[in-house]
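Below is one structure, written out as structure tokens; comments come after it.
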Amino acid sequence: MQKNVQKLYSGNEVIVLAAIEAGAEAMFGYPITPSSEILQGWIESASSNRNLQFLQTEDETSAGFATIGSILGGKKAFTATAGPGHVLMQDPLSMAENLRIPFVAIVMQRGGPSTGTVNYSQQEVNLAAFGGNGDGLRVVYSASSIDELYSLTIKTFNTAWRYKFPSILLGDGYLAKMKTKFSPSKSIRPIKSTEMLEGKKNPTYLRNCFSSEEEFGAELDKNIADWNRLRSQIAESEVYKINDASEIIIAHGLVAQASKEAVEIMRNNRRKIGLFKPITLNPIDSRTLNKVSSGKKKIYIVESSRNQLSHIIKYELDKFCGEIVEISKPAQGFTAKEIVNKIEKD
Amino acid sequence: MIHETTIILFAGEGGQGVQTIAEVTAALAIGKGYNATYIPYFGVEQRGASSIAYVIISKGTIYYPRFDDADIIVVMRERALKDIKRFITPNTDVIFDSSTIEAKDIHKIATKTIGFPGSKYALTKFGAKSYNLLVLGVIGNYLGFDKTELWENVFEKLKSKFKSKEIEEKNKLALEFGAKIVLEKGEYSKAEFKADLGDKLYRNKEREGIIKPSLCKGCLICVEKCPVGALSKGSEVGFFGANIPDLNIEKCITCGICKRFCPDGAVAVEKR
Amino acid sequence: MIETMPKCWNQKTKPHFFCPGCGHAIILKQLGFVIDDLKLEQEVKFFIDIGCSLLAWNFYNFDTVQTHHGRTTPTAVGYKMAKPKKVVIGYMGDGGGYAIGLQSVLHAAFRNDPVTIILVNNENYAMTGGQMAPTTMPNEITTTTPTGKEVKFGPGMHGPELIRNIASDKAYIARTSMSAPEAVKIAIKKAIKTQIENNAFSFLEILSICPTNWKTDAEGSFERLKMAESYYHIGEIPPQKSSQK
């Protein structure tokens, strides 16, 4: 490439680079806007790297189950989807959750319900975290920039394979399609994948169907105990200008980026406001959340969905005595100026 | 014998009529002006597991249809003993089929025990299929229902299954007989109808055969498929309480068809 | 000691969970004999569906994965891609293969994925209590067709005849009946060999019995099976080459 020509990277392209960096070996997917370029990019990479496998399946459900099959065979496999495809993906996600299969799904959120819009949304938080017919033992990351898409993709793989909980990275249509300058951050060492069907002396039986409440309850108890033990290790957040703040904005994903800018604007207007950005939406970094919110006057929860983040945050807030203001615009984005206007009007 | 609230657990084998007995019991109680609920145990197996039913009868409101402690447990098959253990308290009356379950096995898990040789009477007097009505007679009588109301409820529930007047009459007799059985306390019948689960071996100069009562579910496909009639429905019962086949080793031609078909891996004959 | 079971059956998990006289267990026995004959115990990975097939989750001495309803095929396909040398068998009922999971079966055939699908056709949804299946024959009474299956619900679905239209000419497609276990064994062997030797898709439908839901004794079960055999063609149903360009 010529010295003066800059290559721009889209979010979807960056995810492919990160997945390869994370040691991913196979991808299964069904095209759906705005995540299709992940599958395309992966297949393009596979054309020059024979270690990378792929299959464009007949639907998202099959993509998910083929991913599971591949993982059982020892491959580090993943899928990417969005919106209605994410709804179908709950079927394999539930199986992975019950069998503790390290399943990675990259989800580029789009407006819903139904086919909605293809552009942008934060309405797939509940679906990602609690969408299955279980209790939501899945790790959900939310990325707020192209750089973070890269680092969190790698982290999502490592978390899935380290803790054996299905792990989902949430982005959105803007992040997926926007293009900007990108240089990969220092890589995190990938975790090795192992076969789950070893065929050794004793056969491995993987089942997720049980006959009695008690028998199944014992299985669930084990998984929930692991989740409770590990959640503080998994949970992550970022705080910004929080120390002297009397008010906090809580936002994730791209809205957190706009909120950061809004904090800057309001700080210039001498308003003492800071930002708490959950990086994992499930589990929430409740220790930091409660530490930074303690004694604050007001919390503004800003999101592009009808209070999905707010429900999670309110549940986690312990002893917060101030006021909570919910600012939500389902399936629409926020500029910093809009956030400032809403907060200053309040 | 129904108190303010009476909690009953029924346990036995799939196909023994456990669920019918439980449902009719609940219906009888409602007919007497009680509140009653019945729920079946429903796992993924249609017939593979023990059959269990939960019944609550009460003068008051029944809030929740399951329970921890039972007042009465009716156990019809040895195999179900492991499933009833956790419902037994020192006050639980355990009513058991003393012709198939040994008293010493019941005493390991319960203190208040009542026997009735149900299988013995059913098999010797009415046939295996009347077992459920015989047991219902026993339980109905124990709970204080009279035989007319018992029969009316049974008839309502099962009339479509009584294919002939003769079958209907036989079942009615079994029910009435059950209601008259004197319950055993302290002196129990011998468990002479208890399944002998040891392998049954057959042998002559040319061949040897095996039938495994511990595995045989009594489908009798081997009898149906045996080309020379060497297998027949036997009089003994296996682990699942069903009649197991008997082998006539002299007639057998060692064709291997029984082994090929047997879904349970319970029969085979080989040349010596 | 006389052996009553295939060697690859897990003796510790017997008696199994299937009903008395269940056709599944008879078919799983033939599969067991084939795996013994071909000495594949260490090579086979067994994927099973929802429905009565799930009761086989601990049936054999080899690795077994119980998937979701209709999802056995894609799981098996994903596994085979990861471990191409393993012998991958998907085992399902007529609901898993011809209703909820049909499109995955069709696409596996369409792509010629080298997996073996064994589909047990007992003409009803057995685990849930004998409801209508796509394979339920006209006029048959089930719990969801109490007056008999009407024409408006379709006749009995002919799966292999459907799949042959899009399958590769290397694929093996057949229907057998449990009434002839030796033929079932031969067909299973062919299906597995198609996977191993031709690296191609194989699909075997096996007509079966369901004494619990059809309420039949041993004799009645096989009489019913005879009826199914006259409705559904028995034998190889080879791919129709002309449709694949």
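The values are calculated or read from the model by the stated rules, or taken from the named source; none is laboratory data. Source: prediction; values computed, not measured. Virtual Cβ from ideal backbone geometry, glycine too; neighbours counted across all protein chains shown. These area figures cover heavy atoms from the full protein model, side chains too; ligands, DNA and RNA do not enter into them. Shrake-Rupley method; radii C 1.70, N 1.55, O 1.52, S 1.80 Å.
Legend: mean number of C-beta atoms from other chains within 10 angstrom of residue C-beta atoms, peptide B:254-264, equals 6. What the phi angles of the stretch B:104-119 give under the Karplus curve with 6.51, -1.76 and 1.60, with θ = phi - 60°, is a coupling list of 5, 6, 5, 5, 5, 10, 9, 9, 9, 10, 10, x, 8, x, x, 4 Hz, glycine and proline written as x.
May I ask for the equivalent-ellipsoid semi-axes of the protein assembly as shown, computed as the square root of five times each C-alpha gyration tensor eigenvalue and listed largest first in whole Å? Could the numbers behind the result be given before it?
Working: eigenvalues 644, 272, 98 Å².
The answer is 57, 37, 22 Å, longest axis first.
For the pair the stretch B:8-38 / the stretch B:44-107, the C-alpha centres are spaced 12 Å from each other.
Under the definition of partner shielding as Cβ atoms of other protein chains within 10 Å of a residue Cβ, what is the mean value for peptide B:209-220? Display every interim value, and only then the final one.
Values: counts 2, 4, 1, 5, 0, 2, 6, 2, 8, 3, 11, 5.
Mean number of neighbouring Cβ atoms from other chains: 4.
Go ahead and run the numbers for FRET between A:S114 and B:T61, Cβ-Cβ distance against an R0 of 45 Å, rounding to 0.05.
Working: r = 43 Å, r/R0 = 0.96.
For R0 = 45 Å, the calculated efficiency reads 0.55.
Please give me the summed charge of the neighbours of B:K271: other residues whose Cβ is under 11 Å from its Cβ, Lys and Arg +1, Asp and Glu -1. Value of the local net charge: 0.
Between the C-alpha center of the stretch A:193-221 and that of the stretch A:9-49 there is a gap of 31 Å. Using a probe of 1.4 Å, the accessible surface attributed to C:M227 totals some 100 Å² when neighbouring protein chains are kept in position. With 0.36 nm allotted per residue and the present C-alpha distance subtracted, the A:S211-A:I265 stretch has 13.5 nm of extension available. Which of B:Y202, B:Y142, B:Y38 moves most in a GNM of chain B, Cα contacts under 10 Å? Maximum among the listed residues: B:Y202.
Note on chain A: GNM, Cα springs under 10 Å; of A:H252, A:H311, A:H86, the largest mean-square fluctuation is that of A:H311.
Using a probe radius of 1.4 angstrom, the carbon and sulfur fraction of the accessible surface of the stretch C:178-245 is 52%.
Residues of C:94-107, mean number of Cβ from any other protein chain within 10 Å of their own Cβ, rounded to a whole number? Before the final figure, lay out each step's value.
Working: counts 0, 0, 0, 0, 0, 0, 1, 3, 0, 5, 7, 1, 1, 5.
What the average comes to for C:94-107 is 2.
Residues of the stretch C:71-93 that bury at least 30 Å² of accessible area when the other protein chains are present, relative to the chain alone (probe 1.4 Å, heavy atoms, ligands and nucleic acids excluded): C:R71, C:P74, C:T75, C:G78, C:Y79, C:M81, C:A82, C:K83. The residue list C:S179, B:Q19, B:V135 was ranked by how far each Cα lies along the charge dipole of the protein assembly as shown toward its positive end, using unit charges on Cβ atoms, and C:S179 comes out on top. Per-residue Karplus couplings for the stretch B:214-224, computed as 6.51 cos²θ - 1.76 cosθ + 1.60 with θ equal to phi - 60°, are listed in order as 6, 10, 5, 9, x, 6, 6, 5, 4, 5, 4 Hz, Gly and Pro entered as x.
The share of accessible area on chain B that comes from carbon and sulfur is 50 percent, using a 1.4 angstrom probe. Close amide H pairs (under 5 Å, H built 1.01 Å from N) link B:I62 with no residue at least 5 positions away or on another chain. Per-residue ellipticity at 222 nm from helix content only, as computed over chain B with -39500 (n - 2.57) for each DSSP H run of at least four residues, stands at -8000 deg cm²/dmol.
At an R0 of 45 angstrom, the distance between the Cβ atoms of A:K222 and B:A128 translates into a FRET efficiency of 0.60. Helix B:165-180 and the long axis of chain B differ in direction by around 60°, with both axes built from C-alpha atoms.
Each Cα pair under 8 Å and six or more residues apart adds its separation to the average, and for the stretch C:68-187 the resulting relative contact order is 20 percent.
Listed values for the stretch A:89-104 are Karplus-derived 3J(HN,Hα) couplings in whole Hz (6.51 cos²θ - 1.76 cosθ + 1.60, θ = phi - 60°), namely 5, 4, 4, x, 4, 5, 5, 4, 5, 6, 9, 6, 8, x, 9, 10, and x replaces Gly and Pro. Subtracting the Cα-Cα distance of A:K297 and A:E195 from their residue separation scaled by 0.36 nm leaves 31.6 nm.
For chain A, what does the helix formula give at 222 nm: sum of -39500 (n - 2.57) over DSSP H segments with n ≥ 4, over the residue count, nearest 500 deg cm²/dmol? Intermediate values should be presented prior to the final figure.
Values: 12 runs with 148 residues, N = 346.
Rounded to the nearest 500, it is -13500 deg cm²/dmol.
Using only Cα atoms, locate the centre of the stretch A:69-88 and the centre of the stretch C:147-207, then give the distance between them in Å, rounded to an integer. Rounded to whole Å, the Cα centres lie 29 Å apart. For chain B, the longest principal axis of the alpha carbon atoms and the long axis of helix B:147-158 meet at an angle near 60°.
What ranking do B:63-69, B:146-152, A:281-287, B:11-17 get when scored by the average of other Cβ atoms within 10 Å per residue, highest first?
On the way: B:63-69: 10.6, B:146-152: 15.3, A:281-287: 22.1, B:11-17: 23.9.
Highest-to-lowest ranking by the protection proxy: B:11-17, A:281-287, B:146-152, B:63-69.
Accessible area per residue for the protein assembly as shown, computed on protein heavy atoms with a 1.4 Å probe, is 42 Å². Seen from A:G29, the other residues with C-beta closer than 12 Å to its C-beta sum to a net charge of -4, counting Lys and Arg as +1 and Asp and Glu as -1. Net charge in the neighbourhood of A:I339 (other residues with Cβ under 15 Å of its Cβ; Lys, Arg +1, Asp, Glu -1) is +2. Pair-distance distribution P(r) for the stretch C:64-116, from all Cα-Cα distances in 5 Å bins starting at 0: 5, 24, 33, 26, 11, 3 percent. Share of carbon and sulfur in the accessible area of the stretch A:195-254 stands at 48%, probe radius 1.4 Å.
How do A:S62, A:S114, A:S36 stack up against each other in accessible area, from largest to smallest, with a 1.4 angstrom probe? Please report the intermediate quantities before stating the final value.
Working: A:S62 0, A:S114 95, A:S36 20 Å².
Of A:S62, A:S114, A:S36, the descending order of accessible area is A:S114, A:S36, A:S62.
The GNM of chain C, with springs linking C-alpha atoms under 10 angstrom apart, assigns the highest mean-square fluctuation among C:K85, C:K12, C:K152 to C:K152. Pairs over the 26 Å Cα-Cα cut-off, from the set B:K217/C:K12; A:K291/A:K329; A:K192/A:K260: A:K291/A:K329; A:K192/A:K260. Taking every full run of DSSP H in chain C, the ones that stretch at least 18 Å from end to end by Cα along their long axis and average 0.5 or higher on the Kyte-Doolittle scale are C:23-37.
In this simple spin-label approximation, C:Q131 and B:E192 carry label points 7 Å from Cα along the Cα→Cβ vector, and these lie 4.9 nm apart. For the pair C:K39 and B:S232, label points projected 7 Å from Cα toward Cβ lie 4.5 nm apart. Farthest toward the positive end of the dipole of the stretch A:1-80, out of A:A66, A:G29, A:V16, is the Cα of A:V16, where the dipole comes from beta carbon charges about the Cα centre.
Relative to the dominant Cα principal axis of chain A, helix A:11-21 is inclined by about 50°. Absence of a disulfide-compatible partner, taken as no other cysteine beta carbon within less than 4.7 angstrom, is noted in chain B for B:C216, B:C219, B:C226, B:C252, B:C255, B:C262. Contact with the other protein chains removes 30 Å² or more of accessible area, compared with the isolated chain and a 1.4 Å probe, from these residues of the stretch A:84-112: A:D91, A:M95. Positive-end ranking of B:F162, B:A174, B:N204 along the dipole of the stretch B:121-209, with charges on Cβ about the Cα centre, is headed by B:N204.
The packing ranking of peptides B:210-216, B:242-248, A:190-196, C:44-50, highest mean first, is C:44-50, B:210-216, B:242-248, A:190-196, where packing means the average number of other beta carbon atoms within 10 angstrom of each residue.
The value of relative contact order for the stretch A:9-180, using C-alpha pairs under 8 Å at least six residues apart, is 28 percent.
Rounded to the nearest 100 Å², what is the sum over both chains of accessible area buried where B meets C, with a probe of 1.4 Å?
Values: alone 14110 and 11360 Å², together 22700 Å².
When B and C are taken together, about 2800 Å² of accessible area is lost.
So how much accessible surface do A and B hide from each other in total, probe 1.4 Å, in square angstrom to the nearest 100?
Working: alone 16300 and 14110 Å², together 29980 Å².
Counting both chains, the buried surface is close to 400 Å².
In the structure displayed, which of B:K125/B:K163; B:K129/B:K190; A:K76/A:K201; A:K75/C:K190 lie more than 27 Å apart, Cα to Cα? As for pairs spanning more than 27 Å Cα to Cα, those are A:K75/C:K190.
Over chain A, Cα pairs under 8 Å with separation of 6+ residues give a relative contact order of 17 percent. A simple spin-label model places pseudo-atoms 7 Å from Cα toward Cβ; at B:E4 and B:E152 they are separated by 3.0 nm.
May I ask for the accessible area buried between chains A and C, both sides summed, probe 1.4 Å, to the nearest 100 Å²?
Numbers: alone 16300 and 11360 Å², together 25010 Å².
Counting both chains, the buried surface is close to 2700 Å².
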